[in-house]
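To start, the structure itself, in C-alpha cells.
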Amino acid sequence: MKTVICLLLLAVMGIACSSEPAITTEMLDGGTLFDPSIYKPESYLVSKAIPNPTPDQAKKPVIIACHGYSATTFEWDEFRAWANGPTDFYLSQVLLGGHGRSYDDFKKSTWHDWQAAIMEEYDRLVKSGYTNISLLGSSTSGALLLELVSSGYFANRLAPRTILLVDPIVVPSDKSLSLVGLVGPMLGYFETQQSVSEDKVFFHFRPQETLQQLQNVLTIVRKDLEKGITLPSGCTMKVYKSKKDSSADPVSAVLIDQGTKTADGSPIAVELIDSELHVYTRLNLRDQITVKDRQNQTATFTDIVRQVLR
C-alpha cells in the first residue's frame, strides 16, 4: 500500500490510477482458479470430506483455519503439510468469501461476505455432529473471529474449544488505511509488490472498496475491544504476534489482551514472537527465510496442536 505522504500528494494533485488495473490471467485477479479448495472442497473442508461422521470421528478435534485479507487457503498449506499423515485432529481450510476467484468478485465483496465462509463451515460441522471445533485465524481473520464472538454468534451454538490468532490485525502498521475513504475513490485500487508466484495465491491489486471494508471491520473490532469481549463458556484464546510486523501493528496484540477475557474472567494468552514477518507461519514463496523463521513456524504449529488437544 502507498504511504500516507504519497496518498496525500495524489489526492491534492487529483491524480488517479487508470480506471481498471492491468490484470492478466496469470494473476489470481484474472479469474483463473488457482485455489484448489474451489474445485476440490472435499480436500479442504472436513464438512465436505466427512459429512456423516461416526461417533468417534465426531469427537475428534477439528481446526478451522482462516486466512487473511487478499490471501487464499495457501496461507495455511504449510500447516497442513506439517501435520500430514496420522494426526489427532482434522483440518478445514476455509477460503474467505469474495477471495480466490477474481478481482471483480473481490471488489464486490464485503467483510460480512469474507466472514460468512467461516460461519458456513462452522455451522455445517455442528449440524453434522462434530463436537470439538477450534478456530485458527491469521491477520484479518483475527478481526473476523473476534467480531463473531462480540456479535453473539456463539450465544446459542456449540462454543469453540479454543480460538488461536496468528498476527491478528486490529491496528494496521500502515496508518494510510485510515485515509482510504478519502482518497480511495480517486485512486480506484492499490498495487502490491510481490512475485509472479505470489500473484497466484494473493491478489496483486487491491480494490479500494475492499480496503474500506477492511477499515470498517477493524473499527468495529477496536470499539468492541474497548467495551470488552467475553469468550463463550469453556473457550480459551491465544494470540501469537510478531514483534515487528509491516501489516499488523504489535499494539493489536495489546488491545486484544486488554479487551478480551474468558467466561470465568481469566486473561487470554499472548506470545510475542521474535520475527519481522507478517503471518510468520507462512514461509513458502518468501525471500531470505532464516533458520529462526523455520524454528518459529515449527514451534507455533506444535503449540497450536497442543492448545487444541489439551
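The values are calculated or read from the model by the stated rules, or taken from the named source; none is laboratory data. Just so it is clear, the structure is predicted and the values come from calculations on it, not from any experiment. Ideal geometry is used to build each Cβ from the backbone, glycine not excepted, and the neighbour counts take in all protein chains shown. Areas reflect the complete protein model, heavy atoms only, side chains present, ligands, DNA and RNA absent. Shrake-Rupley method; radii C 1.70, N 1.55, O 1.52, S 1.80 Å.
Can you tell me how many residues in region 112-158 are over 13 Å from the mean Cα position of the chain (by Cα), open to solvent by less than 10 Å² (accessible area, probe 1.4 Å) and among the hydroxyl-bearing types (S, T, Y)?
Residues that pass the stated criteria total 3.
Those residues that are buried (at least 16 other Cβ atoms within 10 Å of the Cβ) and of a type in the set (S, T, Y), I need them from region 71-105; list them, please.
Listed by number, the residues that qualify are T72, T73, Y90, S92, S102, Y103.
Please find, within region 22-47, the residue that is surrounded by the fewest Cβ atoms within 10 Å (Cβ to Cβ) out of those that are more than 17 Å from V196 (Cβ to Cβ) and among the hydroxyl-bearing types (S, T, Y).
That would be Y39.
Take A81 and tell me if it is assigned to a helix (DSSP H, G or I) and modelled with pLDDT under 95. Can you show your working first?
On the way: assigned to a helix (DSSP H, G or I): yes; modelled with pLDDT under 95: no.
Taking the combined requirement at face value, the residue does not satisfy it.
For the list (1) open to solvent by 10 Å² or more (accessible area, probe 1.4 Å); (2) at pLDDT 95 or above; (3) closer than 29 Å to S197 by Cα, I need the number of the one condition that P53 fails.
Failed condition: (3).
Suppose we filter region 264-279 for residues that are closer than 13 Å to V239 by Cα and either open to solvent by less than 50 Å² (accessible area, probe 1.4 Å) or not in a strand (DSSP E or B) (or both); how many remain? I'd like the intermediate steps shown before the answer.
Our first condition is that a residue be closer than 13 Å to V239 by Cα; within region 264-279, this holds for 267-273, 279.
Restricting the remaining residues to those that are either open to solvent by less than 50 Å² (accessible area, probe 1.4 Å) or not in a strand (DSSP E or B) (or both) gives 268-269, 273, 279.
Residues flagged as closer than 13 Å to V239 by Cα and either open to solvent by less than 50 Å² (accessible area, probe 1.4 Å) or not in a strand (DSSP E or B) (or both) within region 264-279 amount to 4.
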